[in-house]
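Peer 1: Shown below is the structure under consideration.
Where a number appears in this text, it was derived from the coordinates with a stated rule and is not lab data. Remember, it's a predicted structure, so these values are computed and weren't measured experimentally. Don't worry about glycine lacking a Cβ; one is built from the backbone with ideal geometry, like all the others, and counts go over all protein chains shown.
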Amino acid sequence: MKKQTTIIIDDEPLAIDVLVNYINRFPEFEILKTFTSSIAAFKYLNDNPVDLVFTDIAMPQISGTELVKLAKTKTQFVMVTSYTDYAIESFELNVIDYLLKPVSFERFITTIERFKQNILIPDSKKDLTLNPSFYIKEGDEFIKVLVDDIDYIEGMRDYAKIVCGKNYYLALKTLKSIEEKLNSFNFIRIHKSYIIPLKKVSQYNNGCVLINSFEIPVGSSYRNNLKKYLEDNKL
């Protein structure tokens, strides 16, 4: 496999030094350049092919998220920041990962593995395999969850329990905010405490839907909406 080229963009030289140290532990990667100016980095990206970019977000002139939007190449990005505020915007840009400073080497390994898995997908198949996703914050870490992996979401007071098969994640979000976020992916509210992906409903009977092995109640005020979907999709 050819070496994967990378550049690092951060207005803090010490933050660059940390990433240089980490990347140099992977012989399959080559650091082409480092930048403290996002303008200079943008010009470089326009003139040179780069496989992976590590960029800070909060920078003068051009922010990391703006840089992703402006990039015209197939370059992939990892966002590195001291702030949690940009997680949602970053995932919407389909970046490889979102790292919080100070970045541990153990967490950095996960990022590299995600990138490697992504480049193993042939270009001809990437459009078929790309899956919308979002990040859930657990402690100081952001975990990427694929929308297609979600079986249902249950409201639990101040938290939402996002169930993906045998795994689940707790998000400090209201069901209403999650419903608004996932509405475009054909998720609907079927109960004051539950949101489901319609395409995963395998059975509806006696006021409950079956999704994989989960039986989920349907609230009386939500049944007509669900029945309409089932009627519209029957043979």
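Peer 1: Taking the number of other C-beta atoms within 10 Å as the exposure measure, put Lys234, Lys101 in order starting with the fewest.
Peer 2: Working: Lys234 6, Lys101 14.
With the fewest neighbours first, Lys234, Lys101 line up as Lys234, Lys101.
Peer 1: For the chain, with only Lys/Arg (+1) and Asp/Glu (-1) charged at the beta-carbon, what is the dipole magnitude about the Cα centre, in debye rounded to 20? Don't skip to the end; give the middle numbers.
Peer 2: Values: 30 positive and 31 negative charges, 182 e Å.
Charge dipole of the chain: 880 debye, to the nearest 20.
Peer 1: Also: So what's the net charge close to Ile136: Lys and Arg +1, Asp and Glu -1, counting the other residues with Cβ under 13 Å from its Cβ? Kindly include the intermediate steps, with their values, before the conclusion.
Peer 2: Values: positive: Lys137, Lys144, Lys161, Lys173, Lys181; negative: Glu138, Asp140, Glu141, Asp149.
It works out to a net charge of +1.
Peer 1: Using only Cα atoms and rounding to the nearest 10 degrees, what angle (0 to 90) does helix 13-23 make with the longest principal axis of the chain?
Peer 2: Roughly 80 degrees, rounded to the nearest 10.
Peer 1: Follow-up question, since we're still on this one. Give me, ordered by chain and number, the residues 5 or more places off Phe35 or on other chains with an amide H under 5 Å from its own placed amide H.
Peer 2: For Phe35, whose amide H was placed from the backbone, the distant partners under 5 Å are Ile8, Ile9, Asp10.
Peer 1: Give me the distance in nm between label points sitting 7 Å out from Cα along the Cα-to-Cβ direction at Asp17 and Ser221, one decimal.
Peer 2: So the label points at Asp17 and Ser221 sit 5.9 nm apart.
Peer 1: Right, next: Per DSSP H run of n ≥ 4, the term is -39500 (n - 2.57); total these for the chain, divide by its residue number, and report the mean residue ellipticity at 222 nm rounded to 500 deg cm²/dmol. Mind showing how you got there, number by number?
Peer 2: Working: 8 runs with 74 residues, N = 235.
My calculation for the chain gives -9000 deg cm²/dmol from helical runs alone.
Peer 1: Where in segment 193-226 does the label zone of Met156 land, with the point 7 angstrom along Cα→C-beta and an amide N cut-off under 16 Å?
Peer 2: Zone members listed by number: 193-195.
Peer 1: Using Cα positions and a limit of under 23 Å, work out the lysines in reach of Lys43, with same-chain residues fewer than 8 apart set aside.
Peer 2: Straight-distance partners of Lys43: Lys3, Lys33, Lys69, Lys72, Lys74.
Peer 1: Would you mind telling me the antiparallel percentage of the DSSP bridges in the chain, rounded to 5?
Peer 2: In the chain, approximately 60 percent of DSSP beta bridges are antiparallel ones.
Peer 1: Note down the net charge around Glu12, summing +1 for each Lys or Arg and -1 for each Asp or Glu among other residues with Cβ under 13 Å from its Cβ. Present the calculation step by step, with values, prior to reporting the outcome.
Peer 2: Numbers: positive: Lys101; negative: Asp10, Asp11, Asp17, Asp56.
Charge balance in the 13 Å sphere: -3.
Peer 1: Among Asn46, Asn24, Ile7, whose Cα sits farthest toward the positive end of the charge dipole of segment 4-56 (+1 at Cβ of Lys/Arg, -1 at Cβ of Asp/Glu, about the Cα centre)?
Peer 2: Toward the positive end, the furthest listed residue is Asn46.
Peer 1: Tell me which residues come under 5 Å, amide H to amide H, from Gln76 once H is placed; ignore anything under 5 positions away on its chain.
Peer 2: Leu52, Val53
Peer 1: In degrees from 0 to 90, rounded to the nearest 10, what is the angle of the helix 105-119 Cα long axis to the longest principal axis of the chain?
Peer 2: Orientation of helix 105-119: about 80 degrees from the principal axis.
Peer 1: A follow-up question, please. When Lys and Arg each count +1 and Asp and Glu each count -1, what net charge do the other residues less than 9 Å away from Ile195, Cβ to Cβ, add up to? Show your work: numbers first, answer last.
Peer 2: Details: positive: Arg189; negative: Glu154, Glu179.
The answer is -1.
Peer 1: Which trypsin sites (Lys or Arg not before Pro) in segment 186-223 sit in a loop by DSSP (not H, G, I, E or B) and have at most 12 other Cβ atoms within 10 Å of their own Cβ? Present the calculation step by step, with values, prior to reporting the outcome.
Peer 2: Working: sites: Arg189, Lys192, Lys199, Lys200, Arg223; in loops: Lys192.
Passing sites in segment 186-223 are Lys192.
Peer 1: A follow-up question, please. Assuming a ≥ b ≥ c are the square roots of the Cα gyration tensor eigenvalues, decide whether segment 4-130 counts as rounded (a/c under 1.5), prolate (otherwise, with a/b larger than b/c) or oblate. Write down the numbers at each step before the final one.
Peer 2: On the way: a/c = 1.28, a/b = 1.17, b/c = 1.10.
Rounded, because the longest to shortest axis ratio a/c is under 1.5.
Peer 1: Could you list which residues have their amide H under 5 Å from that of Tyr194, counting only those 5 or more apart in sequence or on another chain, with H placed in the peptide plane?
Peer 2: Hits under the 5 Å cutoff: Gly155.
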